[in-house]
Amino acid sequence: MIRGSLQAPTEYRFDMTVPAGAVLRSTVDGGAEVVGSDGVVVTVVAPPWAVDANGASVLTSYRIEGSTLVQVVAHHGAAYPVVADPNWNVFWNRVSLYFNRAETKTIMNMGWGAAGLSTLCVAAGGGANPIGAAFGLACLAQFGYIVYSAGVAYNSRGCLQLTKYHLVPTVRAQRHNGGTCEL
């Protein structure tokens, strides 16, 4: 959503797909989620964000009305245009974590710390045992991949996103510039 002037609306409505028996509800971090009747979260909406033309944060929040997510953006007094856009994931077959710039930098700087954690993986797997050794090597490869991907994302002015697909034993790391990534 882009607001180009003071006359732009301050509320934007998003009709969410909510399965029968599920509810749309607020989360403690200011975001929202759709929870099925079985208690399983099927959609997560990240906390709201908005920035003005100067890159300054603009006050924004969500309100829930039934199955409608309403984003309120207090853009009066901001430098136009103001950009705000809800960011949500539907968990049909995956779970994603979106890290901001500071978190991405921390993960990038783990470097040798990640290698140390991998050593613990080898020890936990029983090192000499072929299955344990394979587990340890997989840990080392996964940690190294995540740290490397955080560095690539951070150094290209982006943020780290980790995605775990159901029934796949690894995590996919990639760069994102979504609302949770503060540039």
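The values are calculated or read from the model by the stated rules, or taken from the named source; none is laboratory data. As the structure is a prediction and not an experimental result, all values here were calculated from the model. FYI the Cβ positions are ideal-geometry reconstructions off the backbone, even for glycines, and counts take in every protein chain you see.
Thr106 passes every criterion in (1) farther than 30 Å from Leu6 by Cβ; (2) touching a strand residue (DSSP E or B) at 6+ places or on another chain (Cβ under 7 Å); (3) at pLDDT 80 or above apart from (2).
For Val41, the criteria (1) of a type outside the set (Asp, Glu); (2) at positive phi; (3) modelled with pLDDT under 85 hold in every case but one, which is (2). For the range 66-76, indicate whether the set of residues that are out of contact with any strand residue (DSSP E or B) (no Cβ under 9 Å at 6 or more places or on another chain) and either surrounded by 17 or more Cβ atoms within 10 Å (Cβ to Cβ) or among the hydrophobic types (A, V, I, L, M, F, W, C) (or both) is non-empty. Within the range 66-76 (the criterion being out of contact with any strand residue (DSSP E or B) (no Cβ under 9 Å at 6 or more places or on another chain) and either surrounded by 17 or more Cβ atoms within 10 Å (Cβ to Cβ) or among the hydrophobic types (A, V, I, L, M, F, W, C) (or both)), the answer is no, since none of the residues qualifies. For Ala138, the conditions (1) in contact with an Asp or Glu (Cβ under 9 Å, 6 or more places away or on another chain); (2) modelled with pLDDT under 75; (3) farther than 20 Å from Val45 by Cα are fulfilled apart from (1). Taken over the range 44-100, the residue count meeting the criterion of being among the β-branched types (Val, Ile, Thr) and modelled with pLDDT of 90 or more is 7.
When you scan the range 15-35, how many residues do you find that are surrounded by fewer than 17 Cβ atoms within 10 Å (Cβ to Cβ), touching a residue at least 24 places away in the same chain (Cβ under 8 Å) and closer than 19 Å to Tyr98 by Cβ? Of the residues in the range 15-35, 2 are surrounded by fewer than 17 Cβ atoms within 10 Å (Cβ to Cβ), touching a residue at least 24 places away in the same chain (Cβ under 8 Å) and closer than 19 Å to Tyr98 by Cβ. Being surrounded by fewer than 17 Cβ atoms within 10 Å (Cβ to Cβ), farther than 20 Å from Thr163 by Cα and among the charged types (D, E, K, R) narrows it down to one residue among Asp38, Asp52; which is it? When all the criteria are applied, what remains is Asp38.
Of the set (1) surrounded by 16 or more Cβ atoms within 10 Å (Cβ to Cβ); (2) at pLDDT below 70, all apply to Val168 but (1).
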